[in-house]
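Just below is one structure, and these are the notes that go with it.
The values are calculated or read from the model by the stated rules, or taken from the named source; none is laboratory data. Keep in mind it's a predicted model, so treat the numbers as computed, not measured. Here Cβ is always computed from backbone atoms with ideal geometry, including for glycine, and neighbour counts include all displayed protein chains.
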Amino acid sequence: MPGMPNISKILVVGPRGSGKTSLICRIVFDSLEECVQVPGQFMKYSYVTDDGNTVQFLFKEVNSLPAPEKKAGYILTLNSNNKDDIDLLPKILEMISDKGVVVALCKSDLHYSAAFWVDDVKRVVGN
């Protein structure tokens, strides 16, 4: 029998122009068609597992750090075409070290113009 939904609040952070809004819209709507920039507002994505339980994610774009509100973790977006983003990575990671972080390399479809790549991020993060 299905229980109460499992809800996790995820803050989406990153430098200006790094793809925060686009990433949220792709997750929530599976498209950019319905995409509007909504910093500070929650966008919900939910699904039902094979055993009938509902899992919900509340995504919120945050433009200023640190973010003192309660959250389950972060998605940190980086624009792989902007060298400044990887230079900011250590400082941003320091400000969001209170929870788990997933680093999302956005705009990577333009890999031919990338200023950095996955291995560069791994070197900075230390993994």
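From the set of residues in segment 1-35 that are charged (D, E, K, R) and surrounded by 14 or more Cβ atoms within 10 Å (Cβ to Cβ), which is modelled with the highest pLDDT? So that I can check it myself, show each step before the final result.
Of the residues in segment 1-35, the ones charged (D, E, K, R) are 9, 16, 20, 26, 30, 33-34.
Subset that is surrounded by 14 or more Cβ atoms within 10 Å (Cβ to Cβ): 9, 20, 26.
Numbers: Lys9: 94, Lys20: 91, Arg26: 87.
Looking at residues that are charged (D, E, K, R) and surrounded by 14 or more Cβ atoms within 10 Å (Cβ to Cβ), I get Lys9.
Looking at this structure, is Ser97 touching a strand residue (DSSP E or B) at 6+ places or on another chain (Cβ under 9 Å) and within 20 Å of Val124 (Cα to Cα)?
No, not satisfied.
Can you find a residue in segment 51-66 that is under 13 Å from Lys99 (Cβ atoms) and over 13 Å from the mean Cα position of the chain (by Cα)?
Yes: segment 51-66 contains one or more residues that are under 13 Å from Lys99 (Cβ atoms) and over 13 Å from the mean Cα position of the chain (by Cα).
Given the criteria free of Cβ contacts under 8 Å to residues at least 60 places away in the same chain and under 14 Å from the mean Cα position of the chain (by Cα), does Val36 qualify? Walk me through how you get there before you give the answer.
Working: free of Cβ contacts under 8 Å to residues at least 60 places away in the same chain: yes; under 14 Å from the mean Cα position of the chain (by Cα): no.
It is false that Val36 is free of Cβ contacts under 8 Å to residues at least 60 places away in the same chain and under 14 Å from the mean Cα position of the chain (by Cα).
Could you tell me which residue of segment 96-127 is modelled with the lowest pLDDT, considering only residues that are acidic (Asp, Glu) and loosely packed, with under 12 Cβ neighbours inside 10 Å?
This residue is Asp109.
Being modelled with pLDDT under 85 and farther than 19 Å from Met95 by Cβ is the filter here, so list the residues in segment 42-71 that pass it. Steps first, answer last, please.
At the first step, the residues of segment 42-71 found to be modelled with pLDDT under 85 are 63-69.
If the condition is that a residue be modelled with pLDDT under 85 and farther than 19 Å from Met95 by Cβ, then no residue fits.
Where in segment 47-127 are there strands (runs of 3 or more DSSP E), lying fully within it, with 2 or more residues that are under 21 Å from Leu11 (Cα atoms) and free of Cβ contacts under 8 Å to residues at least 60 places away in the same chain?
Here the list reads 54-61, 100-106.
Please state which one of Gly40, Gly73, Gly17 is farther than 27 Å from Ser113 by Cβ and out of contact with any Ser or Thr (no Cβ under 8 Å at 6 or more places or on another chain). Give the steps one after another, and end with the answer.
On the way: Gly73 fails: out of contact with any Ser or Thr (no Cβ under 8 Å at 6 or more places or on another chain); Gly17 fails: farther than 27 Å from Ser113 by Cβ.
One residue alone meets the criteria, Gly40.
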